Amino acid sequence: MAVFCYNKQVKNYFSITNILIGFLVLSFLAGIWVWMKSPASEIASDKGQFDTQSFSSFEQGEIISIEEERMDEALQASTLYQRLQVRVTSGNSSGQIFETDFSRILDSKNANQFRVGDKVVLGYLPPSESDQLLFGDVAEGEYVVLDRLRTSGLIIVAGIFVLLAVLIGRRQGALSLVGLLVAGGILIFFTAPQLLAGKNALAVSLVSAGLIAILTMFISHGFNKRTKLAVMSTLLALASAIGLSYLFILLAQLFGLGQSDAFVLQAGFLGNIDLRGLLLGGLIISLLGILDDVTTTQTAAIEELSKANPNLTKTELFWAGMSVGKEHIASLINTLILVYVGASLPLFLLIVSATDQPLWVLLNSEYMAEEIVRALSGSTALILAVPIATALAASVYQKQNSTSE
């Protein structure tokens with residue numbers, strides 16, 4: 001009797017709930033440890049190393065007239081030069097009117113040229129030191145047109161997304177939005193500052209991924225057995241996928257220099273950022289969305305199969321779930337590859353149209369190799385997630401049926 005009670009206590013101690021709680025506590029402690037090792041002053045000093053072209057402020061404006069417009073057909077590209085009259089519509093200088101020159105390469109339909117009434121983003125350049133020496137207090141700065149103002153359109157897009165999520169998803173849709181905010185908060189207030197401070201990218205990404213996986217999945221799906229199994233499966237699949245992703249990076253000899261943004265980031269922060277670690281960290285975080293979908297779906301499928309036929313053995317339950325999982329794998333692999341191709345469509349067209357280099361030379365470039373590794377890492381992660389989630393759910397739900405009998 002004593003042995004039975006002891007075994008029961010041990011099983012309860014190592015229950016999925018306790019394991020997840022322990023993992024969450026460890027993630028928080030690891031996050032605090034990483035944060036404490038990089039003071040805010042250190043992070044703030046690094047931020048100042050970026051070249052912001054000395055813009056002291058940013059405002060909004062509206063184009064009220066186009067004073068001059070001419071074309072330059074040099075280098076087989078149509079470059080449009082425009083002399084714009086712009087009114088400042090925000091800040092202390094609201095109402096001020098100024099003229100400025102702007103040039104850009106036009107698209108095939110000339111749709112990206114400025115027209116009267118367009119809203120724009122303005123950057124204010126304060127007077128230079130030489131102007132201040134020459135003109136003193138009367139020296140004036142100038143506004144420069146930086147880009148179109150897109151915030152109003154983005155607000156509408158976000159509003160449509162939120163509205164549809166709540167109308168169709170109801171309570172779960174609203175909770176998913178809360179989970180999205182939590183994930184965004186972790187990435188903005190923890191992940192980004194620590195990476196910019198030069199902390200170990202792998203450690204920061206692991207802590208971020210653990211916190212995001214546990215918090216967002218429980219917020220979105222509720223604290224129940226199905227979600228606990230899905231979270232546990234996600235963490236197990238994520239651990240396996242991280243190892244394979246690291247192996248892929250080593251085999252492909254990637255150093256994180258394939259993206260121009262990464263190079264600029266490293267230059268701006270004087271080499272404090274480990275770009276190879278940043279590449280792996282990006283893969284880790286991007287895998288979460290894929291794994292959430294797969295593990296939740298597979299766990300739900302096993303639960304429903306178990307309810308429909310409680311007499312299924314663990315093996316029968318596993319293979320029945322794998323039948324569903326194989327279809328999921330087939331559809332998601334196609335989806336992932338198409339998503340990556342769609343996101344890099346200009347690059348894809350460049351590869352197809354290139355005739356001066358063999359295909360293997362183009363694929364050998366670090367930029368292309370990074371994209372291939374990203375796509376294959378995501379696909380590999382979801383393939384691993386299906387049997388992991390299926391096996392874990394089949395084991396738990398079959399034991400539940402045996403106990404209830």
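The figures follow:
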{"read-out": "Protection proxy ranking, peptides 226-234, 175-183, 375-383, average beta carbon neighbours within 10 Å, highest first", "value": "226-234, 375-383, 175-183"}
{"read-out": "Spatially near lysine pairs across the stretch 170-404, Cα under 30 Å, sequence gap of 8 or more or different chains", "value": "13"}
{"read-out": "Per-peptide average of other Cβ atoms within 10 Å, ordering 92-104, 192-204, 323-335 highest first", "value": "192-204, 323-335, 92-104"}
{"read-out": "Sequence of PHE218, PHE189 once ranked by neighbouring C-beta atoms within 10 Å, starting from the fewest", "value": "PHE189, PHE218"}
{"read-out": "Within-15-Å neighbourhood charge of LEU257 [Cβ basis; K, R +1; D, E -1]", "value": "-3"}
{"read-out": "Net charge of neighbours whose Cβ lies under 14 Å from the Cβ of THR297, counting Lys and Arg as +1 and Asp and Glu as -1", "value": "-3"}
{"read-out": "Ranking of ARG148, ARG70 by count of other Cβ atoms within 10 Å, fewest first", "value": "ARG70, ARG148"}
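Bear in mind that the values in this text are calculations on the coordinates, not laboratory data. Owing to the predicted nature of the structure, the values given are computational and were not obtained by experimental measurement. Because the Cβ atoms are built from the backbone with ideal geometry, glycine has one as well, and the counts that use them run over all protein chains shown.
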